[in-house]
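For reference, the structure is listed below as structure tokens.
The values are calculated or read from the model by the stated rules, or taken from the named source; none is laboratory data. Just so we're clear, the structure is a prediction, and the values are computed from it rather than from any experiment. Here the Cβ positions follow ideal geometry from the backbone for every residue, glycine too, while neighbour counts run over all protein chains shown.
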There are 2 protein chains.
Amino acid sequence: MTKKGVLLVVSGPSGAGKGTVIRDAMERDKSFYYSVSATTRAPRAGEIDRVNYHFVTRERFEEFIRDGAVVEHTEYSQNYYGTLRSETEGKCDDGFNVILEIEVDGASQIKKKFPEAVSVMILPPDFKTLENRLRSRGTNTEEDIKRRLDRAREEMKFYGDYDYLIVNYDNEVRAAADELISIVKCEHMRTLRNPDFPAEFFNLNNN
Amino acid sequence: MTKKGVLLVVSGPSGAGKGTVIRDAMERDKSFYYSVSATTRAPRAGEIDRVNYHFVTRERFEEFIRDGAVVEHTEYSQNYYGTLRSETEGKCDDGFNVILEIEVDGASQIKKKFPEAVSVMILPPDFKTLENRLRSRGTNTEEDIKRRLDRAREEMKFYGDYDYLIVNYDNEVRAAADELISIVKCEHMRTLRNPDFPAEFFNLNNN
């Protein structure tokens, strides 16, 4: 029997470097599966359906909600964003450690629905570093930066709701990715995730 | 401020290889401290006070119990065995990850007193392997082996009370020790063990 994968919720403010850390971990550990979200917003230039998002109509998304086909969702700028059940439970059952890169509100919906899910907050070492990173991107307007920093302050209020903290120091992406990989390995060692071990332990003896 | 170490309870049947795994982990990770138990039994040839055990009188041990100086204890073959508070809380406060190699009953006392303690059961892959290991030691009588196997069956009933399972495969001590080291590293990443992070995160910004 395939061992069930871990459902891994990863959050963190814009500028924390979540995406880079996740990519680095996934390149080295093939047990990860990145859950592709569903959205009703229109694809941007270069975005590919089922790779960047599952792009669906508003009617379809509301059908998903009614049918319980999305396990968490939120509305933002008049568009729905959510996680498909098939991208989570389905993939975990296949043995993948499924990464959900979602916001704090979605994370709390997931933890309620799947108490065995593991949540990780990826943060820069301090607020100043976060600001520096947002500025150094160069693509953000001053208003944009201010909005993201305000949002980060809000997100930090949910810190205690997360199981693990990964501090993503400047130029230490590899170390942060190693921590993400370690967390999943350790979670697989939990007796809770190995309830059948004692039975197997004794059974082998009878063969 | 020194970060508090993890209080790590390690149990497992005789023949699981606990001692070897712990030694290998301690040789490579200097953050570990091995808690030396107190006992009222007489030292055996070669045993050194404060290295193998804190050898104390029965009166002294009962004083420890009354004063709360032992955090768990048990009586076995008319002798007391127990863990000193100074070997646990004290060393954790100094930043050490403290290993308590204790039996299932002591483990449950520790978990009640220190809910933040982490418990690990080290087991061979199956019962047959356990038996083979006990036999291959050569130093055990048949009666001894039977007694240890019976005891192992009893200990397995407490499997679900432990947080983590480490399977110690034949000739894979290093891998099991790596898992022990990993568990402690991951536990240090828990937000619960880093309650001050958000305050520090914002404070640094004001400097």
Residue list for region A:110-147, filter: touching a helix residue (DSSP H, G or I) at 6+ places or on another chain (Cβ under 7 Å), within 14 Å of chain B (Cβ to nearest Cβ), touching a residue at least 24 places away in the same chain (Cβ under 8 Å) and assigned to a loop (DSSP other than H, G, I, E, B) | A:PRO124
Within region A:41-90, can you find the residues that are of a type in the set (Val, Ile, Thr) and within 16 Å of A:GLY106 (Cα to Cα)?
-> A:ILE65, A:VAL70, A:VAL71, A:THR74, A:THR83, A:THR88
Residues within region B:158-191 that are among the basic types (Lys, Arg), without any contact (Cβ under 8 Å) to a residue 12 or more places away in the chain and more than 8 Å from chain A (Cβ to nearest Cβ), tallied = 0
Do we have B:ALA107 as surrounded by 21 or more Cβ atoms within 10 Å (Cβ to Cβ), of a type in the set (Gly, Ala, Ser) and touching a helix residue (DSSP H, G or I) at 6+ places or on another chain (Cβ under 8 Å) here?
-> yes
For region B:86-109, which residues satisfy the criterion of being of a type outside the set (Lys, Arg), in a helix (DSSP H, G or I) and more than 20 Å from B:GLY160 (Cβ to Cβ)?
-> B:SER86, B:GLU87, B:THR88, B:GLU89, B:GLY90, B:CYS92, B:ASP93
Candidates B:ASN207, B:ASN140 - the one that is at pLDDT below 95 and under 28 Å from A:TYR162 (Cα atoms) = B:ASN207
Could you list, in sequence order, the residues of region A:148-178 that are within 22 Å of A:ILE110 (Cα to Cα) and part of a strand (DSSP E or B)?
-> A:TYR164, A:LEU165, A:ILE166
A:LEU192 being touching a Gly at 6+ places or on another chain (Cβ under 7 Å) and in a helix (DSSP H, G or I) | no
Only unsatisfied item for B:GLY15, checking (1) modelled with pLDDT under 95; (2) surrounded by fewer than 21 Cβ atoms within 10 Å (Cβ to Cβ), is (2)
Of the candidates B:SER77, B:SER31, B:SER14, the one satisfying the condition of being in contact with a strand residue (DSSP E or B) (Cβ under 7 Å, 6 or more places away or on another chain) and polar (S, T, N, Q) is B:SER31
Where B:LEU8 falls short, out of the listed (1) under 14 Å from the mean Cα position of the chain (by Cα); (2) part of a helix (DSSP H, G or I) | (2)
Just one of B:VAL98, B:VAL120 is among the β-branched types (Val, Ile, Thr), under 12 Å from the mean Cα position of the chain (by Cα) and closer than 30 Å to A:ASN203 by Cβ; which is it?
-> B:VAL120
Kindly check whether there is at least one residue in region B:51-67 that is part of a strand (DSSP E or B), over 30 Å from B:VAL184 (Cβ atoms) and not charged (D, E, K, R).
-> no
Within region A:77-100, track down each residue that is surrounded by fewer than 21 Cβ atoms within 10 Å (Cβ to Cβ), closer than 24 Å to A:ARG58 by Cα and touching a Lys or Arg at 6+ places or on another chain (Cβ under 9 Å).
-> A:SER77, A:GLN78, A:ASN79
Within region B:157-191, the residues that are hydrophobic (A, V, I, L, M, F, W, C) and either buried (at least 19 other Cβ atoms within 10 Å of the Cβ) or within 16 Å of A:LYS185 (Cβ to Cβ) (or both) are B:LEU165, B:ILE166, B:VAL167, B:ALA175, B:ALA176, B:ALA177, B:LEU180, B:ILE181, B:ILE183, B:VAL184, B:CYS186, B:MET189
